Amino acid sequence: MVYEQFQKEVKESLEERLGAGYNLTLQSITKNNGLILNGICISKANENTAPAIYLQTFYDIYKKGTPFSQVLDEILDLYQSQHLPEDLYLEELHSQIPLTDKIMFRLINESANESLLSDLPHLSFPDLDLALIFCLSLNKSEDHLFSALIHKSHQKLWNISTEDLFEAANTNTPRLFPAKIQSLMEVIKEIAGNASDTEIKEEDWDGFFEPSPLSPPMYVLTNSHGIHGAACIFYEGILKDFAEHTGGDLIILPSSIHEVLLIPYSEHISYEELAKTVFSINQEEVAKEDRLSNHIYLYSKSQEHLSIAFTSSFPIGTMNP
């Protein structure tokens, strides 16, 4: 069964299982970096929202031999486990009054998102090949984060300028998602589980990258939830304060849209080798929709200015999925 037929069969079969009172639609959804995902939206007749369940993963397990009926069971289990934000927020989303205390920003690659950005108010940083887009933080709990992209239609409805969106987001984003800087070893230990019991040592990491341009100390900058944390580089004072703490300029590696790596500047560091490392990690380890850039960035402590230190020959938009 080809993918298009699989999607149609899933929709028709789920409609039979769920019966009357449910609305099911197939949708193609444009994600970050031009990625298009096919999903099915399921909602009850009295609901204003419908979670999108992406079908590619289910098609993959179907092709590997999972019975179609079991695939349907798994889709329904996922649908029933979804938690949606309160309708109150959704009603306010369509209100003529903007939720100024919930506006936040996110950071994406500009050149890889020309189509997406054409419908979104945003701030461009052409010298960085980056753009800030705006969202509403609808709900935040320990286990779930809900947000909605702010489109130009919302901007028109609210009669609000892009500058006003940024002013609100510049206040709200650090408040809602505070920045967090940790050494790379601290992050590795957290991932390993119990930091006190881990056997990972600093010297074990030094030779992990070959050749070894990353031997200086490395720090991870993200936010308190570890989601869309690369935007922290635009938090007021965050790079300035850390540069003063380390006593010099900062090299910034765009690990993903969720975090960046900070390295105290050293003249012995090869930007070209760093760029090769970033490209390799983006290509092999980072999902296409999570990639931020292949360029290497530099924060100048004396000029308090962020710029591209090394321009990669591999644009983010040309990467293989």
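Summary table
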read-out: Rounded FRET efficiency, nearest 0.05, which uses the C-beta distance separating E74 from E114 and R0 of 30 Å; value: 0.25
read-out: Segments 260-267, 185-192 sorted - mean Cβ within 10 Å per residue, highest first; value: 260-267, 185-192
read-out: Relative packing of peptides 237-249, 289-301 - highest average C-beta neighbours within 10 Å first; value: 289-301, 237-249
read-out: Selection from Y299, S270, S280, by position along the positive dipole direction of the stretch 254-308 (Cβ); value: Y299
read-out: Per-residue HN-Hα couplings for the stretch 117-134 [Karplus 6.51, -1.76, 1.60; θ = phi - 60°; Hz; x = Gly/Pro]; value: 5, 5, 10, 10, x, 7, 10, 9, 10, x, 5, 10, 6, 10, 9, 9, 10, 10
read-out: Label point at K152 placed 7 Å out along Cα→Cβ; residues across the stretch 112-132 whose backbone nitrogen lies under 19 Å; value: 112-126, 131-132
read-out: Packing-based order for 125-134, 149-158, using average beta carbon neighbours within 10 Å, highest first; value: 125-134, 149-158
read-out: Chain lengthening between E284 and K44 when straightened (0.36 nm per residue, less Cα-Cα); value: 82.4 nm
read-out: Backbone HN-Hα couplings from phi across the stretch 5-11 [Karplus 6.51/-1.76/1.60, Hz, Gly and Pro as x]; value: 5, 4, 4, 5, 5, 4, 4
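Laboratory data are not the source of any read-out in this text; all were calculated from the coordinates shown. Model, not experiment: these values are computed from the prediction. We place every Cβ from the backbone using ideal geometry, glycine too, and count neighbours over all the protein chains shown.
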